[in-house]
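Visitor: Quick one: the structure is below, and I'll ask about it shortly.
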There are 2 protein chains.
Amino acid sequence: LADPLIDHAEGQLFLNEAFKIIVEEVLRKGTDAEEKVCEWREPESLALLLDLQLRDTGESQDRLLQRVRDVAKYSIKTSHPHFFNQQFGGVDYHSLAGRFLTEALNTNLFTYEVAPVFVLMETEVLKALRQLVGWTDGDGIFCPGGSTSNMYAMNLARYKLFPEVKTKGLWALPRLAIFSSPGSHYSVQKGASYLGFGTDSVILVKVDDGGRMIPEDLDAKIELAKSQGFVPLLVSCTSGTTVLGSFDPLDCIADVCDKHQLWMHVDAAWGGSVLFSKQHRHLMKGVERAKSVSWNPHKMLLAGLQCSAFLLQDTTNLLKRCNCANASYLFQQDKFYDVNLDIGDKSVQCSRKVDCLKLWLMWKAVGSTGLEHRVDKAFLHVRYLLEQMKKRDGFQLVSTVAPVIKERMMKEGTMMVGYQPLGDLGNFFRVTVFSPHICHKDMDFFLDEIERLGKCL
Amino acid sequence: LADPLIDHAEGQLFLNEAFKIIVEEVLRKGTDAEEKVCEWREPESLALLLDLQLRDTGESQDRLLQRVRDVAKYSIKTSHPHFFNQQFGGVDYHSLAGRFLTEALNTNLFTYEVAPVFVLMETEVLKALRQLVGWTDGDGIFCPGGSTSNMYAMNLARYKLFPEVKTKGLWALPRLAIFSSPGSHYSVQKGASYLGFGTDSVILVKVDDGGRMIPEDLDAKIELAKSQGFVPLLVSCTSGTTVLGSFDPLDCIADVCDKHQLWMHVDAAWGGSVLFSKQHRHLMKGVERAKSVSWNPHKMLLAGLQCSAFLLQDTTNLLKRCNCANASYLFQQDKFYDVNLDIGDKSVQCSRKVDCLKLWLMWKAVGSTGLEHRVDKAFLHVRYLLEQMKKRDGFQLVSTVAPVIKERMMKEGTMMVGYQPLGDLGNFFRVTVFSPHICHKDMDFFLDEIERLGKCL
């Protein structure tokens, strides 16, 4: 009792050694195109290799450093230039420094007293993101992922229309309807279920050939829902659908929302970043008419998982009124500073990670212009890949081929890319080329590799 | 386009320099009792000092390193031995190494293909935690905080009883009632509101003088709710209430739950860690009879924010059935490995951070025995503090004094401790002594400092 249990000097020594391994294995080798993107093992043998079991006694520092090496070795190198698998590929070192600092500081974004820097910083970052949306004022919060951000929108929309839901629940309300497109993210369904609406409350609006919501059909579906006794609540538009990357026509949808007085939410989890680009921000024309926007800088911008902003046009403290519980041990009103700085009661979480620092530091490092370049580069990548693919024979859709090619690439560890079916189209590869690390030769490699792996099928 | 946008060598150099600053400022100085725990600034002047504004152009590496230093300087040192403010005080270096590794690997815990190591590791860690609860089988998931874990319990309980809620929503169900104590965490209220139950659905059960739920009153309240037309759904017991640290009598509550067929959930966000201790685990006697448990190793065990396990006794895949949306771009069924390893559809999130590695590495480092020592030490701290306080005159409750003493300690930066009112008692200091860094002299310092700061009041 008289002495502390943990030796700081010894601990810092360990951290130092672990840091070296992380830099070498994850960041240097892990981003080297000559190295593997994954080191595939069957689950049973991987479990054995890692010796996962937790025991009564501790282990030596050397053994633990070997564990750090093993975890790095058998984990996927998501910053590798041949990781085309998902939208979080790539690494930004300023962001990563911010993430290390966040972890070391280990504080909680709920009160000014424990997070003075981050309360102010989050406010500033949200303001800057809102300005890109086109709002001079408003509110917002960082959430643990885009799904949660989308759920915040649903929760706020119903509270705004029926404040009594907070105390009396959905039983006191008429049946509500939420509108979205078949290409919208699955969190709309998950949210409808989790928040008590039920998935039957989600009414799917038709899309055009490009996967974009058809405003006329939205209007018709709203009328139909009304005639069936539903109260239309919210439209969840998508800027950048998960599979096709479609951008719903926000301006026309806003007209429909105005007409019927619906809450317009824009799920711009991946698409939001186009707002940095003078060339591409037209894709989200009309976004300033939305009531709320979800935007994940952990996707195209490389802020690192997790970084999801929920942005709100509201200036009436709706977020806090909707979510507050006024916990007396945390949000005391007799504090010696302005208690409006205790932003925690805006959240449905209690502990909330600091997700703003990494984005802020990265933004400071490259400026809005640097982030614009990342977005523009990603769009150039797409065009390049398309052109090259057209030049090659043998690239067509054969639904049984993708899973086999995927298996081969992972077992060889040369590349990773996702595949998925779409309607009657069968399986196709969904190539993500957001990462600013990749260049011509990586995309050529992608095409060569698909050809090579698919050759004898 | 031909070249990558980010220079890895340059980035790694920056990260290296940032790491040195983090170690020096946050970990070395930040844990030194001779240094300040906080460097108080008024919000306006802090905002100016930090120059938070985001601009078009980027900044030099030197300027950015200075920013890292500034953020560290003005942030609270939550690992400082005089940080008695909250339950996440303290640092474990093995956990921190795991957190850095997690950040560098930047992957998403939803499929085996992008997180092979972590899918297996999370499974193993959850199994080990469940064994401490007393279950040989079951399920679980790591959530972004204890509030979310508690909400998972409410969501599962209603789905289990009324599976149609997933599609039809709460409108198709009778009014449900949730039982908890006035000392339970505010997330029970937030969850009731967020999930659509409404806070009126939360019925508060009386507590005894020690703040523990009275099973007889629970029984009576359930009967009363039934007579009012409610369907009693769930009891949220607390192992370690936020303010008093009370442990509800789980065994007796389980009897009442059995009698009325209610879902028994245990919010052991902070208390769960006593299960490591042979000496103190009796506080949670009966926990094995619960249907679900929330447990945050980021509190007493020092795993670092965020680390919250939601544990489940169920073996029927309830979690996945309740939350799944079967997204075809992520959870393809024609993969080349066992798709049961794609655990992401158990979550209401899509992107989900890896929260298991830090706990696993720390556990490997010190063993269950080492974690037991941390728990036992925290309880010894409490006893010591109590004894010392009794020996001193002048420690009594004066409700207007705490906020002023708090202001003084923060402006001097010598110490941090939370205060709060309780019923008619007025404000008192809620001292958290979980951190294994602290020892006798830190607690003596605490008492001396309260005396010193309160002297001329």
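Visitor: Could you check, for segment B:389-406, whether at least one of its residues is within 26 Å of B:Pro81 (Cα to Cα), in contact (Cβ under 8 Å) with a residue 24 or more places away in the chain and surrounded by 21 or more Cβ atoms within 10 Å (Cβ to Cβ)?
Guide: Within segment B:389-406 (the criterion being within 26 Å of B:Pro81 (Cα to Cα), in contact (Cβ under 8 Å) with a residue 24 or more places away in the chain and surrounded by 21 or more Cβ atoms within 10 Å (Cβ to Cβ)), the answer is yes, since at least one residue qualifies.
Visitor: Something else: For segment A:426-452, which residues satisfy the criterion of being of a type outside the set (D, E, K, R) and assigned to a helix (DSSP H, G or I)?
Guide: Selection gives A:His440, A:Met443, A:Phe445, A:Phe446, A:Leu447, A:Ile450.
Visitor: What number of residues within segment A:229-249 satisfy the criterion of being on the phi < 0 side of the Ramachandran plot and part of a loop (DSSP other than H, G, I, E, B)?
Guide: Result for segment A:229-249: 8.
Visitor: Please tell me if A:Leu262 is more than 30 Å from A:Gln87 (Cα to Cα), crowded, with 20+ Cβ neighbours inside 10 Å and within 14 Å of another protein chain (Cβ to nearest Cβ).
Guide: Criteria not met by A:Leu262.
Visitor: Return the residues of segment B:222-240 that are in contact with a Lys or Arg (Cβ under 9 Å, 6 or more places away or on another chain) and farther than 14 Å from B:Leu204 by Cα; say none if nothing qualifies.
Guide: Passing the criteria: B:Gln228, B:Gly229, B:Phe230, B:Val231, B:Gly240.
This table checks each residue for (1) in a helix (DSSP H, G or I); (2) of a type in the set (Lys, Arg).
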{"residue": "A:Ala378", "(1), (2)": "yes, no"}
{"residue": "A:Arg383", "(1), (2)": "yes, yes"}
{"residue": "A:Phe395", "(1), (2)": "no, no"}
{"residue": "A:Arg408", "(1), (2)": "yes, yes"}
{"residue": "A:Tyr419", "(1), (2)": "no, no"}
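Visitor: Considering only residues that are of a type in the set (A, V, I, L, M, F, W, C) and part of a loop (DSSP other than H, G, I, E, B), which ones fall in segment B:101-127?
Guide: Listed by number, the residues that qualify are B:Leu109, B:Phe110, B:Val114, B:Ala115.
Visitor: How about segment A:80-108: which of its residues are more than 7 Å from every other protein chain (Cβ to nearest Cβ) and of a type outside the set (Val, Ile, Thr)?
Guide: A:His80, A:Pro81, A:His82, A:Phe83, A:Phe84, A:Gln87, A:Gly89, A:Gly90, A:Ser95, A:Gly98
Visitor: Return the residues of segment A:432-457 that are surrounded by fewer than 22 Cβ atoms within 10 Å (Cβ to Cβ), closer than 18 Å to A:Gly413 by Cβ and of a type in the set (A, V, I, L, M); say none if nothing qualifies.
Guide: A:Leu453
Visitor: Let me confirm something: among B:Thr57, B:Thr136, which residue is of a type in the set (Ser, Thr, Tyr), without any contact (Cβ under 8 Å) to a residue 24 or more places away in the chain, farther than 18 Å from B:Leu359 by Cβ and within 7 Å of chain A (Cβ to nearest Cβ)?
Guide: B:Thr57
Matching residues to (1) in a loop (DSSP other than H, G, I, E, B); (2) of a type outside the set (Asp, Glu); (3) touching a Cys at 6+ places or on another chain (Cβ under 8 Å):
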{"residue": "A:Pro297", "(1), (2), (3)": "yes, yes, yes"}
{"residue": "A:Asp314", "(1), (2), (3)": "yes, no, no"}
{"residue": "A:Ala325", "(1), (2), (3)": "yes, yes, no"}
{"residue": "A:Gly344", "(1), (2), (3)": "no, yes, yes"}
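Visitor: Of the residues B:Lys20, B:Lys77, B:Lys36, only one is surrounded by fewer than 24 Cβ atoms within 10 Å (Cβ to Cβ), within 28 Å of the chain's Cα centre (by Cα) and more than 7 Å from every other protein chain (Cβ to nearest Cβ); which?
Guide: None of the others qualify; the one that does is B:Lys36.
Visitor: Among the residues in segment A:140-162, are any more than 9 Å from every other protein chain (Cβ to nearest Cβ), surrounded by fewer than 24 Cβ atoms within 10 Å (Cβ to Cβ), in contact with a helix residue (DSSP H, G or I) (Cβ under 8 Å, 6 or more places away or on another chain) and touching a residue at least 40 places away in the same chain (Cβ under 8 Å)?
Guide: Yes, because at least one residue in segment A:140-162 is more than 9 Å from every other protein chain (Cβ to nearest Cβ), surrounded by fewer than 24 Cβ atoms within 10 Å (Cβ to Cβ), in contact with a helix residue (DSSP H, G or I) (Cβ under 8 Å, 6 or more places away or on another chain) and touching a residue at least 40 places away in the same chain (Cβ under 8 Å).
Visitor: Being closer than 29 Å to B:Leu129 by Cα and at the interface with chain B (Cβ under 9 Å from one of its Cβ atoms) narrows it down to one of A:Leu48, A:Leu120, A:Leu64, so name that one.
Guide: The match here is A:Leu64.
Visitor: Please identify the pairs in which a residue from segment A:313-334 that is touching a residue at least 24 places away in the same chain (Cβ under 8 Å) has its Cβ atom under 6 Å from the Cβ atom of a residue that is surrounded by fewer than 18 Cβ atoms within 10 Å (Cβ to Cβ) and part of a loop (DSSP other than H, G, I, E, B), counting only partners at least 6 apart or on another chain.
Guide: Here the result reads A:Thr315/A:Asp137, each pair linking segment A:313-334 to a residue that is surrounded by fewer than 18 Cβ atoms within 10 Å (Cβ to Cβ) and part of a loop (DSSP other than H, G, I, E, B).
Visitor: Which of (1) closer than 30 Å to B:Ile6 by Cβ; (2) surrounded by 15 or more Cβ atoms within 10 Å (Cβ to Cβ) is the odd one out, the single condition A:Leu52 does not satisfy?
Guide: Of (1) closer than 30 Å to B:Ile6 by Cβ; (2) surrounded by 15 or more Cβ atoms within 10 Å (Cβ to Cβ), only one is false for A:Leu52: (1).
Visitor: On the given criteria, is A:Thr199 under 19 Å from B:Ser328 (Cα atoms), in contact with a His (Cβ under 7 Å, 6 or more places away or on another chain) and among the polar types (S, T, N, Q)?
Guide: Judged against the criteria, A:Thr199 is not a match.
Visitor: Go through segment B:60-91 residue by residue and tally those that are in contact with a Gly (Cβ under 7 Å, 6 or more places away or on another chain) and closer than 18 Å to A:Glu10 by Cα.
Guide: So the count comes out to 2.
Visitor: It is to be established whether one or more residues within segment B:408-419 are touching a Leu at 6+ places or on another chain (Cβ under 7 Å) and either within 11 Å of chain A (Cβ to nearest Cβ) or under 28 Å from B:Asp92 (Cβ atoms) (or both).
Guide: Yes, segment B:408-419 has at least one match.
Visitor: Next question, about the same structure. Considering only segment B:126-164, state which residues are among the hydroxyl-bearing types (Ser, Thr, Tyr) and touching a strand residue (DSSP E or B) at 6+ places or on another chain (Cβ under 6 Å).
Guide: B:Ser149, B:Tyr152 - these are the residues of segment B:126-164 that are among the hydroxyl-bearing types (Ser, Thr, Tyr) and touching a strand residue (DSSP E or B) at 6+ places or on another chain (Cβ under 6 Å).
Visitor: Taking only pairs six or more apart or across chains, which ones have beta-carbon atoms under 7 Å, a first residue in segment B:357-374 that is modelled with pLDDT of 95 or more, and a second residue that is in a helix (DSSP H, G or I) and of a type in the set (Phe, Trp, Tyr)?
Guide: Short answer, once both residue conditions are applied: B:Leu357/B:Phe118; B:Ser368/B:Phe276; B:Leu371/B:Phe276; B:Leu371/B:Trp363; B:Glu372/B:Phe276.
Visitor: Could I ask something else about it? From the list A:Ala220, A:Ala269, A:Ala225, A:Ala254, exactly one residue is closer than 25 Å to B:Tyr329 by Cβ and either buried (at least 23 other Cβ atoms within 10 Å of the Cβ) or of a type in the set (A, V, I, L, M) (or both). Which is it?
Guide: Just one listed residue meets the conditions, A:Ala269.
The values are calculated or read from the model by the stated rules, or taken from the named source; none is laboratory data. Treat the numbers as computed from the prediction; the structure is a model and nothing was measured. Please note: Cβ atoms are built from the backbone with ideal geometry, for glycine as well, and neighbour counts cover all protein chains shown.
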